[in-house]
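For reference, the structure is listed below as structure tokens.
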Amino acid sequence: GRQTLLAPVKWTDDNWVLPCGGDERAARYAALPARSSMSSQPDDDDFAGPTLNWMWRFYGATIRPHHFGDGLVIDASGEQPGNCSTLCCMPTDESYEVEVDVELLSDQTRAGLVLFYNSEAHLGLYCDTTGVSRVDRQEFTRHRDVGPLTCCTLKLVNRAHELDLFMRRPEGDWRYIQSREVSGLHHNVFGGFLSLRVALFAAGEGAARFSRFRYQPIKVDCLPLT
């Protein structure tokens with residue numbers, strides 16, 4: 001890996017280096033408080049317009065045609081998250097949950113919520129008029145028990161790289177879809193020196209409306225040093 005570890009050392013009279021940390025150093029590091037969330041964590045967003053919130057960026061050089069009307073309406077493009085210029089924001093917590101309301105404005109539209117590294121590496125959920133499916137990189141798996149819909153809420157819960165996928169119909173209960181492990185979506189596997197981001201996408205034809213985006217950090221207790 002590329003981690004840099006710092007420890008106190010001392011030089012002997014004959015120019016040898018000796019570490020001098022030991023158990024005392026480990027105890028001092030173990031006593032450090034857990035990192036608090038950065039002040040620039042993503043905001044909840046109702047997409048009121050007239051411009052995108054500071055945290056949103058379209059992936060790649062293409063800015064998708066979009067406008068505001070009872071939420072954010074994005075014109076569909078491409079076939080899946082890898083080729084439709086997803087709209088991304090950067091989570092600032094190792095563990096968090098995120099959800100968004102999705103409404104299909106055409107029966108030819110697929111729209112969803114994913115964790116997105118690049119066009120080859122992404123994982124999450126999308127809905128179309130036939131139901132809800134999981135997208136894993138460029139593979140699609142339909143959840144057969146959901147049934148046809150035109151609007152729903154999608155939720156991703158990332159607990160230290162363990163990702164749980166949920167959906168619900170309007171005013172309905174949350175339905176668990178699946179769990180996946182996402183620690184492998186990083187530079188050493190896919191290159192690019194990027195980060196795993198939260199992303200919205202609209203693919204196919206027509207358009208999709210996104211509203212009531214919510215981001216919530218999750219506290220996960222760390223194991224103490226021994």
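The values are calculated or read from the model by the stated rules, or taken from the named source; none is laboratory data. Quantities reported herein were computed from a predicted structural model and do not represent experimental measurements. Positions of Cβ are backbone-derived with ideal geometry, glycine not excepted, and every protein chain shown enters the neighbour counts. Just so you know, the surface numbers come from the protein's heavy atoms only, side chains and all, with ligands and any DNA or RNA stripped out. Shrake-Rupley method; radii C 1.70, N 1.55, O 1.52, S 1.80 Å.
Just the number please: accessible area per residue for the chain, 1.4 Å probe, all protein chains included, in Å². Mind showing how you got there, number by number?
On the way: 12900 Å² over 226 residues.
Each residue of the chain exposes 57 Å² on average to a 1.4 Å probe.
Hey, got the dipole for the chain? About the Cα centre, +1 on K and R Cβ, -1 on D and E Cβ, debye to the nearest 20?
Numbers: 23 positive and 30 negative charges, 37 e Å.
Roughly 180 debye, rounded to the nearest 20.
So, with +1 on the Cβ of K and R and -1 on the Cβ of D and E, and no other charges, what is the size of the charge dipole of region 40-109 about its Cα centre, to the nearest 20 debye?
Values: 2 positive and 14 negative charges, 104 e Å.
Computed charge dipole of region 40-109: roughly 500 debye.
Taking all protein chains as present, what is the carbon and sulfur share of the accessible area of region 105-211, in % to the nearest whole number, probe 1.4 Å?
43 percent
Which value at 222 nm does the chain reach when only helices count, each DSSP H run of 4 or more adding -39,500 (n - 2.57), with the total divided by all residues and rounded to the nearest 500 deg cm²/dmol?
My calculation for the chain gives -1500 deg cm²/dmol from helical runs alone.
If packing is taken as the average count of other Cβ atoms within 10 Å, what order do 160-168, 195-203 fall into, highest mean first? Present the calculation step by step, with values, prior to reporting the outcome.
Working: 160-168: 17.4, 195-203: 24.6.
Result, highest mean Cβ count within 10 Å first: 195-203, 160-168.
Please work out the Cα convex hull volume for region 72-226 and give it in Å³ per residue.
116 Å³
Relative contact order of the chain: what whole-number percent is it, with Cα pairs under 8 angstrom and at least 6 residues apart?
26 percent
For every other residue with a beta carbon closer than 15 angstrom to the beta carbon of Met55, add +1 if it is Lys or Arg and -1 if Asp or Glu, then tell me the sum. Write out the running numbers ahead of the final one.
Numbers: positive: Arg57, Arg197, Arg214; negative: Asp43, Asp44, Asp45, Asp46, Asp93.
Counting the neighbours of Met55, the net charge comes to -2.
Starting from the 7 Å offset along Cα-to-Cβ, what nm value, one decimal, do you get for the label separation of Ala160 and Trp174?
Inter-label distance under the simple model: 1.9 nm.
Which of Cys152, His122, Ser106 sits closest to the plus end of the dipole of region 80-162, meaning its Cα is farthest towards the positive end, when Lys and Arg get +1 and Asp and Glu get -1 on the C-beta?
Checking the options against the dipole of region 80-162, the answer is Ser106.
Please state the charge dipole magnitude for region 124-226, taken about the Cα centre, from unit charges on C-beta atoms (+1 on K and R, -1 on D and E), reported in debye and rounded to the nearest 20.
Values: 15 positive and 11 negative charges, 50 e Å.
Value, rounded to 20: 240 debye.
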